[in-house]
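A short worksheet on the structure shown next.
Coordinate-derived values only; no laboratory data. Here the structure is a predicted model, which is why all the values come from computation and not from measurement. When we count neighbours, we look across all protein chains shown, and the Cβ atoms used for this are built from the backbone with ideal geometry, even at glycine.
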Amino acid sequence: MTDTSRLPGAFHHHWDWQLRAACRGVDSSLFFPPPDERGDARAERERKAKRVCRRCPVRAECLRHALKARERFGVWGGLGEQERLAMLGRARRERHAASRSSR
Ligand code: SF4
């Protein structure tokens, strides 16, 4: 589940990047997997979603939001679920290593 405590609140300037999203008006089922989707069908849907993200002017903002909110499902900022998890894992390990080296 998305961690809403990490979200910035209701101020529109925190969210107005979404108004410029390349996925506005695109069927959201392209970005979020149906529960029974697997294998090639999943890979193909994600490839299509990421193609939309590649031309998106707010890709960085979208990815920043997804990482901060720990969005678990779907394609955000041009990355799939496993790619975002890997990024978060790397960031956690780097913070851990930095904190150990500063002791
Ligand atoms: S990066 Fe992709 S998911 Fe995010 S706003 Fe842009 S098109 Fe939509």
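Quick look at the numbers
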| item | result |
| --- | --- |
| Fully extended contour minus Cα-Cα distance, from Ser101 to Glu83, at 0.36 nm per residue | 3.8 nm |
| Rounded FRET efficiency, nearest 0.05, which uses the C-beta distance separating Lys68 from Asp16 and R0 of 22 Å | 0.85 |
| Within a Gaussian network of the chain (alpha carbon springs, distance under 10 Å), most fluctuating of Arg92, Arg64, Arg55 | Arg92 |
| GNM result for the chain, Cα springs below 10 Å: residue of Cys53, Cys62, Cys23 fluctuating most strongly | Cys23 |
| Length released on extending from Phe32 to Arg93, taking residue separation times 0.36 nm less the Cα-Cα span | 19.2 nm |
